[in-house]
Every structure is written in structure tokens, then in C-alpha cells.
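Student: Pasting a structure here, questions to come.
What follows draws every value from the coordinates through simple rules; no lab data is involved. Computed from a predicted structure; not experimentally measured. Cβ sites come from the backbone with ideal geometry, for glycine too, and all protein chains shown count toward neighbours.
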Amino acid sequence: MPEPREAFFDKLYIRATDTAPVEADALDGVLEAPINRAKDTVDANYFGSDGWKRSKGTWKSFSIPLSGHVFKGSSPQQVLRDAFESDATVFFTLVEDEMAPVGTQGFRYPVKVTSYEEGRSASDVVTFSATLAGQGAPVAL
């Protein structure tokens, strides 16, 4: 019988170049990193059909809303802020299982940072949220 997947990840990385991440690229403090996938559709009906609407999938996309705690001096969090300001494509890597065979460990996603926000309150740590918009197909690790 299939087992449910655990809702955690081994490592998250953000890197300015499309190369294998190193430990210095580890994105710490992230509490959430869901991968939201979507597909555009177009109507596929024609006159003379049975009157029921049908659609056909076209372009696929994904977005990744991140949230977590700001770490002072964090280079990967600076990559997020810089990518937002510059509109550069950066590379987000999510490693679900470091011990899995190559090709099933996780994915590297080419993304643009479309939003970046820092939140402050008097009784808590500084938090951040960012939205990453897909810029092509993910690559399996």
C-alpha cells in the first residue's frame, strides 16, 4: 500500500547561476515552500458537438510562494532581494531526499522573484515572503 509523503524537505537553495548549488547557497529560515502548478486551457469544442464544453491543456506554469524568517547577513536571502530588484532569473533548488537515487532527489526551478516582502512586529522576529514565478521547466536532480 502506498505511504503518504512526508511534508518536509532536506534542503532549499537559491543561486544566481544554473549550476549545482553549494552549502553557501542554502536558504535557511524557510517555513513554507509549496510548488503551485497550473495549466492554461483552451476550448476544444466545435459546432456540431454534443453541447458539452471540452478543453485542451496548453502552456504549463508554476509559482512558489516562500515564507520564513529573515537571517541577518544571509547571502541566499540577499540573492532573493537582488533578483527582485534586477528582474534576473535565478535558480531555486528543492531537495526532498538527499539519499534518494539521482533523478529523484528533488528539482531545480528557474524562477523570477515577482514579489518580496519583509514583515516586522514588536514581539516577533523579522519575517519574509517572496513569490517565485517559473521561467521554464524544472530539472530533476
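Student: I need Phe92, Phe47, Phe128 ordered by Cβ neighbour count within 10 Å, fewest first. Mind showing how you got there, number by number?
Tutor: On the way: Phe92 28, Phe47 4, Phe128 20.
Ascending number of Cβ neighbours within 10 Å: Phe47, Phe128, Phe92.
Student: Can you tell me the length gained on complete extension of the stretch Asp50 to Thr104, counting 0.36 nm per residue apart and subtracting the Cα distance? Please list the in-between numbers first.
Tutor: Values: separation 54, 0.36 × 54 = 19.44 nm, distance 4.30 nm.
Result for the pair: 15.1 nm of gain on full extension.
Student: For the stretch 72-141, what's the relative contact order in percent, using C-alpha pairs closer than 8 Å and at least 6 residues apart?
Tutor: Numbers: 116 pairs, mean separation 21.6, N = 70.
Relative contact order comes out at 31 percent.
Student: For Phe128, enumerate residues with amide H under 5 Å from its amide H, sequence gap 5+ or separate chain, H modeled in the peptide plane.
Tutor: Gly68, His69, Val70, Gly119
Student: Can you tell me how much longer the chain between Ala137 and Glu32 gets when fully stretched, taken as 0.36 nm per residue apart minus their C-alpha distance, in nm with one decimal? All intermediate terms of the calculation are to be shown ahead of the outcome.
Tutor: Numbers: separation 105, 0.36 × 105 = 37.80 nm, distance 2.13 nm.
So the chain would gain 35.7 nm between Ala137 and Glu32.
Student: Further question on the same structure: Can you give the relative contact order of the stretch 29-76 as a percent, counting alpha carbon pairs under 8 Å and 6+ residues apart? Could you put the intermediate results ahead of the total?
Tutor: Details: 66 pairs, mean separation 24.4, N = 48.
Answer for the stretch 29-76 is 51 percent.
Student: Starting with the fewest neighbours, write out Asp43, Asp50 ranked by other beta-carbon atoms found within 10 Å of each beta-carbon. It would help to have the intermediate numbers written out before the result.
Tutor: Details: Asp43 9, Asp50 6.
The fewest-first ordering by Cβ neighbours comes to Asp50, Asp43.
Student: Suppose only helical runs count, i.e. DSSP H with n ≥ 4. What mean residue ellipticity at 222 nm does that imply for the chain under -39500 (n - 2.57) per run, divided by all residues and rounded to the nearest 500 deg cm²/dmol? The partial results should precede the final answer.
Tutor: On the way: 1 runs with 12 residues, N = 141.
Calculated mean residue ellipticity at 222 nm is -2500 deg cm²/dmol.
Student: Once label points are set 7 Å from the Cα along Cα→Cβ at both Lys72 and Ser129, what is their separation, rounded to one decimal in nm?
Tutor: Each label point lies 7 Å from its Cα, and together they span 2.6 nm.
Student: What FRET efficiency comes out for Asp97 versus Ser63 if R0 is 22 angstrom and r is the Cβ-Cβ distance? Round to the nearest 0.05. Walk me through the numbers before you get to the answer.
Tutor: Details: r = 23 Å, r/R0 = 1.05.
Calculated value: 0.45.
Student: Taking 0.36 nm per intervening residue step and subtracting the Cα-Cα distance, what contour gain separates Ser121 from Phe9 on full extension?
Tutor: Values: separation 112, 0.36 × 112 = 40.32 nm, distance 2.78 nm.
Gain on extension, Ser121 to Phe9, equals 37.5 nm.
Student: At a Förster radius of 30 Å, what calculated FRET efficiency corresponds to the Cβ-Cβ distance of Ala88 and Asp43, to the nearest 0.05? All intermediate terms of the calculation are to be shown ahead of the outcome.
Tutor: On the way: r = 36 Å, r/R0 = 1.21.
Approximately 0.25, to the nearest 0.05.
Student: I would also like to ask the following. Which residue fluctuates most in the GNM of the chain (Cα springs below 10 Å): Ala44, Ala26, Ala16?
Tutor: Between Ala44, Ala26, Ala16, it is Ala44 that shows the largest mean-square fluctuation.
Student: For the chain, how many pairs of lysine residues have a Cα-Cα distance under 25 Å, where the two are 8 or more positions apart or belong to different chains? It would help to have the intermediate numbers written out before the result.
Tutor: Working: Lys11/Lys72; Lys11/Lys112; Lys39/Lys53; Lys39/Lys56; Lys39/Lys60; Lys39/Lys112; Lys60/Lys112; Lys72/Lys112.
Here the count comes out as 8.
Student: Give me the percent relative contact order of the chain, please, defined on Cα pairs under 8 angstrom at least 6 residues apart. Walk me through the numbers before you get to the answer.
Tutor: Details: 288 pairs, mean separation 36.4, N = 141.
Computed over the chain, the figure is 26 percent.
Student: For a quick check: sort Phe71, Phe91, Phe62 by the number of other beta carbons within 10 angstrom, fewest at the front. Display every interim value, and only then the final one.
Tutor: Numbers: Phe71 15, Phe91 22, Phe62 18.
By the 10 Å Cβ count, ascending, the order reads Phe71, Phe62, Phe91.
Student: Between the helical axis of 75-86 and the dominant principal axis of the chain, each derived from Cα atoms, what acute angle in degrees is found, rounded to the nearest 10?
Tutor: Computed tilt is about 50 degrees.
Student: Can you match Cα Rg over 2.2 N^0.38 Å to one of these, [x] 1.09; [y] 1.28; [z] 1.59, based on a calculation from the structure here?
Tutor: Given [x] 1.09; [y] 1.28; [z] 1.59, the structure-derived one carries the label [y].
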